[in-house]
Amino acid sequence: MAVVLPAVVEQLLSEMAAAVQESAQIPDEYLLSLKFLFGSSATQALDLVDRQSITLISSPSGRRVYQVLGSSGKTYTCLASCHYCSCPAFAFSVLRKSDSILCKHLLAVYLSQVMRTCQQLSVSDKQLTDILLMEKKQEP
Amino acid sequence: MAETLKRVLSRGGAAWSREENTPAAGPPLLLLGAPGSGKTTLLFAAALEAAGEGQGPVLFLTRRPFQSLPRGTGTALDPMRLQKIRFQYPSSTRELFWLLCSAHEAPGPAPSLLLLDGLEEYLAEDPEPQKAAYLTALLLDTAAHFSHRLGLGRDCGLMVALQTQEADSGDILHLSLLRRYFPAQCWLQPDAPGPGEHGLRACLEPGGLGPRTEWWVTFRSDGEMMIAPWPTQTGDPSSGKGSSSAGQL
């Protein structure tokens with residue numbers, strides 16, 4: 001990953017991944033850490049994971065992109081390789097004000113990676129190009 | 001990319017000797033400087049460096065074709081290396097977006113280095129921050145995809161040049177955004193080690209992987225770039241082409 005999360009977040013996620021392998025759900029202590037680090041975004045992100053709102057879209061080329069169905073019904077595109085989300089909260093709280101490390105959608109993506117639970121969708125290389133381009137055309 | 005640039009600057013343009021082992025590209029790097037500060041020359045030097053490493057082709061993106069190739073940093077251009085640099089000329093932000101979004105469809109071997117000159121021109125077309133963030137993120141995502149295709153623990157480096165204008169406060173918004181995505185930065189600023197001298201100070205911040213390193217950059221009358229380690233506190237500048245990068249700090 002080119003852009004790294006703060007070390008404490010990286011460590012938490014990798015510890016969670018190890019713990020989940022054993023018990024198939026997140027132990028309480030990690031849930032508490034998540035809440036401490038991310039506040040209300042943690043609960044919202046976990047909710048997104050529970051509702052299977054994250055889809056990993058991949059093409060034969062191996063390139064991947066995530067889409068998250070937000071609570072408003074709108075779909076947001078996330079690039080996990082470099083921490084980008086198309087939602088307004090990311091643009092405002094993370095990029096502009098540096099209030100937050102991640103938005104709830106990106107956090108949901110990382111949690112779904114840890115818990116190995118997300119929808120998978122295979123598309124053609126051309127379709128993946130269109131999905132990535134669509135993001136550019138969307139109104140903010 | 002920071003490591004590749006560091007090798008270029010440390011060698012100060014001396015003979016392009018092969019590295020003994022597989023050099024890593026380092027984290028994505030943002031190269032900043034005012035017009036005429038040598039960003040394109042350095043980008044091109046980094047392209048030649050990576051092309052000589054035998055890792056794969058180099059992809060050089062710039063808005064307009066070169067009228068003439070940059071003079072380089074002190075050695076003759078090696079045609080074998082030049083052949084490995086693929087130039088593409090996205091003439092608008094829209095074209096650049098398309099190029100990056102469709103990079104996974106491009107046939108042929110994945111590049112080992114992705115370079116973009118003149119990011120400021122592409123950002124200026126649509127100054128909206130979310131678009132700027134998406135363009136930047138796509139650059140990183142494209143390099144990450146190339147890394148994935150290279151496989152075997154190899155990385156595709158990323159180096160992007162951004163022209164800065166001190167008086168333009170509009171740049172500041174994008175700058176903080178860009179610094180979030182580019183852990184490593186190299187600043188080219190007018191400076192000189194002593195009175196009566198001129199040139200630029202190249203200051204490389206490798207993004208947490210090591211200390212800041214500095215070089216003194218000047219240009220000969222024919223446009224060729226001369227690089228030397230920034231003088232130590234004794235005020236004794238190294239002459240000509242510096243070959244050692246030992247301890248600037």
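If you go through segment B:184-215 and pick out every residue that is modelled with pLDDT under 85, open to solvent by 30 Å² or more (accessible area, probe 1.4 Å) and farther than 19 Å from A:P6 by Cα, you end up with 8. Whether a residue is touching a residue at least 40 places away in the same chain (Cβ under 8 Å) and of a type in the set (F, W, Y) was assessed, and B:Y134 does not pass this test.
Looking at segment B:85-103, which of the residues that are of a type outside the set (D, E, K, R) and free of Cβ contacts under 8 Å to residues at least 12 places away in the same chain is most open to solvent (accessible area, probe 1.4 Å)? Per the stated criteria, the residue is B:W98. Screening the candidates A:S71, A:S93 for the property of being more than 9 Å from chain B (Cβ to nearest Cβ), of a type in the set (S, T, Y) and open to solvent by 40 Å² or more (accessible area, probe 1.4 Å) yields one hit, A:S71. In segment B:112-169, of all residues being more than 10 Å from chain A (Cβ to nearest Cβ) and polar (S, T, N, Q), the one that is surrounded by the most Cβ atoms within 10 Å (Cβ to Cβ) corresponds to B:S112. B:Q55 meets each of the listed conditions (1) modelled with pLDDT of 75 or more; (2) within 16 Å of B:F146 (Cα to Cα); (3) open to solvent by 10 Å² or more (accessible area, probe 1.4 Å); (4) not small (G, A, S) apart from (1). The residues in segment A:96-140 that are away from every other protein chain (no Cβ under 14 Å) and of a type in the set (D, E) can be counted, and the count is 0. Scan segment B:75-84 residue by residue and report those that are of a type in the set (A, V, I, L, M, F, W, C), open to solvent by 80 Å² or more (accessible area, probe 1.4 Å) and under 20 Å from the mean Cα position of the chain (by Cα). B:A76, the sole residue that qualifies. The requirement of being free of Cβ contacts under 8 Å to residues at least 24 places away in the same chain, polar (S, T, N, Q) and assigned to a loop (DSSP other than H, G, I, E, B) is satisfied by A:S72. Against the list (1) open to solvent by 50 Å² or more (accessible area, probe 1.4 Å); (2) more than 10 Å from chain B (Cβ to nearest Cβ), the condition A:S53 fails is (1). Exactly one residue out of A:S59, A:S72 is small (G, A, S) and more than 19 Å from A:I131 (Cβ to Cβ): that is A:S72. Only one residue in B:L152, B:L123 is within 23 Å of B:P57 (Cα to Cα) and not small (G, A, S). Which one? Going through B:L152, B:L123 in turn, just one is within 23 Å of B:P57 (Cα to Cα) and not small (G, A, S): B:L152. Just to be sure before I move on: is B:Y181 within 11 Å of chain A (Cβ to nearest Cβ), surrounded by 20 or more Cβ atoms within 10 Å (Cβ to Cβ) and closer than 29 Å to B:E53 by Cα in the structure I sent? Judged against the criteria, B:Y181 is a match. Count of segment A:74-89 residues, restricted to those that are more than 10 Å from chain B (Cβ to nearest Cβ) and within 13 Å of the chain's Cα centre (by Cα), is 2. Summed over segment A:56-68, the residues that are more than 11 Å from chain B (Cβ to nearest Cβ) and among the β-branched types (V, I, T) give a count of 2.
Would you check if there is a residue in segment A:12-25 being away from chain B (no Cβ under 14 Å), open to solvent by 30 Å² or more (accessible area, probe 1.4 Å) and within 26 Å of A:L133 (Cα to Cα)? No: zero hits.
The values are calculated or read from the model by the stated rules, or taken from the named source; none is laboratory data. The shown structure was predicted, so the numbers you read here are calculated from the model rather than taken from an experiment. Note: ideal-geometry Cβ built from the backbone for every residue, glycine included; neighbour counts use all protein chains shown. Heavy atoms of the whole protein, side chains included, go into the accessibility calculation; ligands, DNA and RNA do not. Shrake-Rupley method; radii C 1.70, N 1.55, O 1.52, S 1.80 Å.
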